[in-house]
Amino acid sequence: MNDNASRDEGCGYAGMMEVRRKLLNSVDKCVDEALEGLVGSNGGLALLRGHRVVLRSDLESVKGKVALLSGGGSGHEPAHAGYIGVGMLSGAVAGAVFASPPPGSVLAAILTLWRRGASGVLLVVKNYTGDRLNFGIAAEQARSQGVQVDMVIVADDCAFARPSKAGRRGLCGTVLIHKVAGALAEKGCPLGEIVARVNEATKNIGTLGVSLSPCSVPGCLPTFQLPPGEMELGLGIHGEPGIKRSKLASADEVVKAMISHMTDSSNISHLPLKSGDKVVLCVNNLGALSCLEIAVVSKAAVHCLEERGVLVVRVMSGSFMTSLEMAGMSLSLMKVDEEMLRLFDAKTTAPAWPNLSTASVSGRNLFIEPEEKLDAASDDFTEGSLSSVVRPVLESVCEILLQQQEELNALDRAAGDGDCGSTHALVATAMQEWLQTSRIPGNLGQLLADLALLVRERMGGSSGALYCLFLSAAAPHLKQNCDGAAWAKALHAGTEAMKRYGGAEPGDRTMLDALCPAVEELMKLSTAPPGGHIAILQSAVEKADLGAQSTRNLTARAGRASYVASQHLTQPDPGAVAVASIMKAILNALKA
């Protein structure tokens, strides 16, 4: 669609527009209730009775200093009242949603700050006609009453290559000005100095937005329509038209296009940016993007800037100046020197200001190398005499799991995603590879630890996690001893770990229904006479098989099967069948 196309005509969706549902009590009272909610949950804020004005609750602290006042239409929360606090705004005036506040409320806020002892009042205003007029009226009327008041206009929009007479719009860069001006005021700088420093700072800020969806004023139709799969670049925070529409691209591509446009010297509204410049980056969620998306965009923006040789010294990432529920984001860049960075880093109590690190983003190593894996220490053990027993046992387990892959998958399809057999086959194949390339440690505790690591890395799924828990908890009990008593303790510890972390119990229609009866029988190993171990194992295998078959008649109370109606679960639990098969494979190998 070309740059001048109607925002409704031609997209084919105008007839489908409807008033969006919002979680409000009243369209008419939503702004007042929102302000009361903000003030009621922040002890540092107070409302000016009779006006939609939020002020610092400790106005005595403003005495002798310049007070900062900002504001605008509601719907951009947390702007502007969220930036009230020590080191930022002294107050904020709210209008109706997307409507400039009335001059009477602005004047009431100015006079309140002045009469509480402020040495002057600075108005920070976004470059929108309504805001300029209404804040301007209040400023002139305040001056006529002897108030030392001045106003700075923030116009940081980089969208239009040839802005109209109205000039560049005020966007999220205004929040950065709140911070700089607030830090200067907190230092005790006079009004004239703050105005001069802030006006200079505004020249070094640029913002550009992109939207994936419109927003809607409560009780009204959406501000515009955007067909699925399209995005609009350069729109305003009230849904005003941008510079072009295009097909939605990847985060990397969108960010690259935005930064290129923001810094294009052929664009009168561009932000001059060269290699070596230091910037603060603000990635602003316009309302409805997920935190995950904003984090991806932040990564893309930092990378894009660093590729240009720009040093990103700070990153703000989150919701700072929204457009109700608009799905979109804006990028703001502020060029800084060391003094400007100190002002940016100065402390503030404003509830919406992020708690940022003072470490530079660019040039920082993002990764910490992991410590050596403590459980990968099988090299300390030589292949021992048990290898002749352990190797055929493990080979037998692998063989039976591979043979039963389709059977287990079929059982799982009734209750899960049909991959139980495939998951067990994965670990069986991995174990076969391990047997061919690794030494079997002579220490059984280390063997179980190695197998736990193998299962954790190669099996996946909840079954893999449960087997890993069992082996990890059992391993320490076999490090020093491997007699019947040690095996009994190890098996008990493994089963208890599965129950503790997995949350299931015998009777819940899980693998525990096969494992627990078998382990209960294997506890007899601690008192077994010489030569009696195989008989106990034989009995444990029988108990495991009975337990697996009993799951036909159990109601699933854990795992994915618990979400399936009982009448559809007529076959045994696949996890329980797998456990019974593993135990049978162990017995057969030992008998051989």
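The values are calculated or read from the model by the stated rules, or taken from the named source; none is laboratory data. As the structure is a computational prediction, the values presented were derived from the model and not from experiment. Cβ placement follows ideal geometry from the backbone for every residue including glycine, while neighbour counts extend to all protein chains displayed. Please note that ligands, DNA and RNA were not included when accessible areas were found on the heavy atoms of the full protein model with its side chains. Shrake-Rupley method; radii C 1.70, N 1.55, O 1.52, S 1.80 Å.
Which condition from (1) open to solvent by 10 Å² or more (accessible area, probe 1.4 Å); (2) in contact with a His (Cβ under 6 Å, 6 or more places away or on another chain) is the one that ALA465 breaks?
All conditions pass for ALA465, except number (2).
Could you figure out which of (1) surrounded by fewer than 22 Cβ atoms within 10 Å (Cβ to Cβ); (2) over 22 Å from PHE320 (Cα atoms) isn't true of LEU212?
(2)
Let me confirm something: among ALA161, ALA139, which residue is farther than 22 Å from VAL93 by Cα and of a type in the set (Gly, Ala, Ser)?
Exactly one residue qualifies, and that residue is ALA161.
Being in a loop (DSSP other than H, G, I, E, B), under 27 Å from ILE243 (Cβ atoms) and in contact (Cβ under 8 Å) with a residue 12 or more places away in the chain: is that true of ARG132 here?
no
Got at least one residue in the range 250-258 being part of a helix (DSSP H, G or I), open to solvent by less than 10 Å² (accessible area, probe 1.4 Å) and either closer than 15 Å to MET231 by Cα or out of contact with any strand residue (DSSP E or B) (no Cβ under 7 Å at 6 or more places or on another chain) (or both)?
Yes, the range 250-258 contains a residue that is part of a helix (DSSP H, G or I), open to solvent by less than 10 Å² (accessible area, probe 1.4 Å) and either closer than 15 Å to MET231 by Cα or out of contact with any strand residue (DSSP E or B) (no Cβ under 7 Å at 6 or more places or on another chain) (or both).
In the range 502-525, how many are open to solvent by 60 Å² or more (accessible area, probe 1.4 Å), of a type outside the set (Lys, Arg) and under 20 Å from LEU478 (Cβ atoms)?
Result for the range 502-525: 2.
Mind listing just one residue for me: the one in the range 48-72 that is at negative phi and part of a loop (DSSP other than H, G, I, E, B) and, of those, most open to solvent (accessible area, probe 1.4 Å)?
Among those residues, the one meeting the criterion is ARG49.
Given the conditions (1) open to solvent by less than 20 Å² (accessible area, probe 1.4 Å); (2) more than 30 Å from LYS278 (Cα to Cα); (3) hydrophobic (A, V, I, L, M, F, W, C), which single one is not true for LEU221?
Condition (1) is where LEU221 drops out.
Considering only the range 75-98, how many residues are open to solvent by 10 Å² or more (accessible area, probe 1.4 Å), touching a Lys or Arg at 6+ places or on another chain (Cβ under 8 Å) and not in a loop (DSSP other than H, G, I, E, B)?
Residues meeting the conditions: 1.
Quick one: is ARG308 among the charged types (D, E, K, R) and buried (at least 21 other Cβ atoms within 10 Å of the Cβ)?
Considered against the rule, which asks whether it is among the charged types (D, E, K, R) and buried (at least 21 other Cβ atoms within 10 Å of the Cβ), ARG308 comes out as no.
Among residues belonging to the range 182-229 that are in a strand (DSSP E or B) and modelled with pLDDT under 95, point out the one that is nearest to the chain's Cα centre (by Cα).
Across the range 182-229, the extreme among qualifying residues is SER216.
Working only within the range 194-209, note down all residues that are out of contact with any helix residue (DSSP H, G or I) (no Cβ under 7 Å at 6 or more places or on another chain) and surrounded by fewer than 20 Cβ atoms within 10 Å (Cβ to Cβ).
Of everything in the range 194-209, those that are out of contact with any helix residue (DSSP H, G or I) (no Cβ under 7 Å at 6 or more places or on another chain) and surrounded by fewer than 20 Cβ atoms within 10 Å (Cβ to Cβ) turn out to be VAL195, ALA196, ASN199, GLU200, LYS203.
Name the single residue that is farthest from VAL217 (Cα to Cα) among those in the range 18-43 being open to solvent by 80 Å² or more (accessible area, probe 1.4 Å), assigned to a loop (DSSP other than H, G, I, E, B) and without any contact (Cβ under 8 Å) to a residue 12 or more places away in the chain.
Out of the qualifying residues, it is SER41.
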